[in-house]
1. So which residues in the range 40-87 are over 17 Å from Val103 (Cα atoms) and small (Gly, Ala, Ser), if there are any at all?
2. Are any residues in the range 20-45 of a type in the set (S, T, N, Q) and crowded, with 18+ Cβ neighbours inside 10 Å, and if so, which ones?
3. Suppose we filter Leu88, Leu96, Leu100 for residues that are assigned to a helix (DSSP H, G or I), farther than 22 Å from Gly21 by Cα, under 10 Å from the mean Cα position of the chain (by Cα) and among the aliphatic types (A, V, I, L, M); which single one remains?
4. Right, Glu78: surrounded by 19 or more Cβ atoms within 10 Å (Cβ to Cβ), among the acidic types (Asp, Glu) and more than 23 Å from Arg17 (Cα to Cα) or not?
5. Among the residues of the range 12-31, are any touching a residue at least 12 places away in the same chain (Cβ under 8 Å), in a loop (DSSP other than H, G, I, E, B) and more than 15 Å from Leu110 (Cα to Cα)?
6. Name the residue that is nearest to Leu43 (Cα to Cα), counting only residues in the range 64-85 that are touching a residue at least 40 places away in the same chain (Cβ under 8 Å) and part of a helix (DSSP H, G or I).
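Read the figures in this text as sums done on the coordinates, not as results from a lab. Values in this document were obtained by computation on a predicted structure and should not be read as measured data. Cβ coordinates were reconstructed from backbone atoms using ideal geometry, including for glycine residues, and neighbour counts include every protein chain displayed.
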Amino acid sequence: MAARDLSGAVDFSVLERMTGGDAGVSEEVLGLFVQQAAMWAPLLDVREEGWRDASHTVRGAAAGIGAGALAEACAAAEAAQKAEAPPLLDRVRDALDVALADVAAYRHELMLKSLRG
């Protein structure tokens, strides 16, 4: 993966402003995002009792790294009634997948920069 693989699902300038451009802190934040995504993603299903909490948590994490479309999808799912939520949660999972791909490409670039010194 490389910067050319970025889809634009994550506006990394949001992350860079939050971390003051510190690549080490950015890597740590993105690592935490990936861990949280792995933990909460299985709950993004109305058959799971915590689907609304999962949407809320992913929403906050997404906003923190600049994944605006993911945060918006989470907000819509979180606000929905259970009967209306399944297609909205599908959108959340799709947006999460795209955001995670961008995060992987960005982290790869951070790693390459650190190797170059």
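1. The first filter runs over the range 40-87 and keeps only residues over 17 Å from Val103 (Cα atoms), leaving 42-57, 72-87.
Once the filter is applied, which keeps residues that are over 17 Å from Val103 (Cα atoms) and small (Gly, Ala, Ser), the range 40-87 yields Gly50, Ala54, Ser55, Ala73, Ala75, Ala76, Ala77, Ala79, Ala80, Ala83, Ala85.
2. Passing the criteria: only Ser26.
3. Working: Leu88 fails: under 10 Å from the mean Cα position of the chain (by Cα); Leu100 fails: farther than 22 Å from Gly21 by Cα.
Of Leu88, Leu96, Leu100, the one residue that is assigned to a helix (DSSP H, G or I), farther than 22 Å from Gly21 by Cα, under 10 Å from the mean Cα position of the chain (by Cα) and among the aliphatic types (A, V, I, L, M) is Leu96.
4. Working: surrounded by 19 or more Cβ atoms within 10 Å (Cβ to Cβ): yes; among the acidic types (Asp, Glu): yes; more than 23 Å from Arg17 (Cα to Cα): yes.
Spelling it out, Glu78 is indeed surrounded by 19 or more Cβ atoms within 10 Å (Cβ to Cβ), among the acidic types (Asp, Glu) and more than 23 Å from Arg17 (Cα to Cα).
5. no
6. Applying the first criterion (touching a residue at least 40 places away in the same chain (Cβ under 8 Å)) to the range 64-85 yields 64-70.
Filter once more, so that each one left must be part of a helix (DSSP H, G or I): 64-65, 68-70.
Values: Gly64: 20, Ile65: 21, Gly68: 20, Ala69: 19, Leu70: 16 Å.
Only one residue tops the list, namely Leu70.
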